[in-house]
Amino acid sequence: MKTILIVVGVVVVVGAVFVFSSYNGFVRANEAINNQWAQVETQYQRRFDLIPNLVSSVQGIMKQEQKIFGDLADARTRYGGAASIEGKVAAANQVESALSRLLFVMENYPQLKSSENIQTLQAQLEGTENRISVERGRYNDAVKSFNVMAKTFPSNVIAGMFGFTERIYFEAAQGAENVPAVSL
């Protein structure tokens with residue numbers, strides 16, 4: 001009888017340790033995702049800070065490209081008003097689309113290519129785009145780790161008990177693989 005009580009006690013203690021350990025693992029993984037998303041947003045903010053400088057530098061020369069400038073402003077506003085990660089991703093994709101059209105058009109203006117200010121801003125923006133790409137990849141890595149924990153047995157039981165659900169990956173917008181069409 002004493003042996004049975006000891007075995008049951010050990011099983012209960014091991015089970016409790018597993019539950020606490022799994023729960024804490026989910027909390028850490030969830031916070032890693034939140035932290036990584038904050039890093040993505042930091043780079044987005046850097047991009048949003050650079051865009052007005054680039055736009056104001058080229059706006060006078062490119063009067064006929066006002067739609068692109070409006071699209072950039074609208075997308076920045078949508079990003080600021082987005083309440084969810086999904087909304088922010090959609091708005092960021094709109095910024096990228098308008099920004100790629102702007103950069104494409106800028107390539108066709110020799111007077112812009114020779115401006116040192118515009119070249120500097122363009123280089124900073126390219127660096128920022130690279131940083132965004134890296135941070136998005138890190139975010140997706142954190143999401144992958146979390147989702148694997150949430151889907152594999154036996155930690156999926158703990159995830160279900162405590163309401164940890166699968167997180168979404170950052171994915172490119174539909175049509176992002178296509179080169180933007182710009183007519184001059």
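Suppose the filter is buried (at least 19 other Cβ atoms within 10 Å of the Cβ), over 12 Å from the mean Cα position of the chain (by Cα) and touching a residue at least 40 places away in the same chain (Cβ under 8 Å); does residue 72 pass it? No. What do you reckon, is residue 29 of a type outside the set (Val, Ile, Thr) and surrounded by fewer than 17 Cβ atoms within 10 Å (Cβ to Cβ)? Here the answer is no, as residue 29 does not meet what is asked.
When you check residue 28 against the structure, is it closer than 30 Å to residue 145 by Cα, among the basic types (Lys, Arg) and free of Cβ contacts under 8 Å to residues at least 12 places away in the same chain, yes or no? Taking the combined requirement at face value, the residue satisfies it. What about residue 158, is it surrounded by 15 or more Cβ atoms within 10 Å (Cβ to Cβ) and within 25 Å of residue 50 (Cβ to Cβ)? So residue 158 does not fit the description; no.
Bear in mind these aren't lab numbers, they're just calculated from the coordinates by the rules spelled out. Computed from a predicted model, the values in this text were never measured in an experiment. All Cβ positions, even for glycine, are placed from backbone atoms using ideal geometry, and neighbour counts span all protein chains on display.
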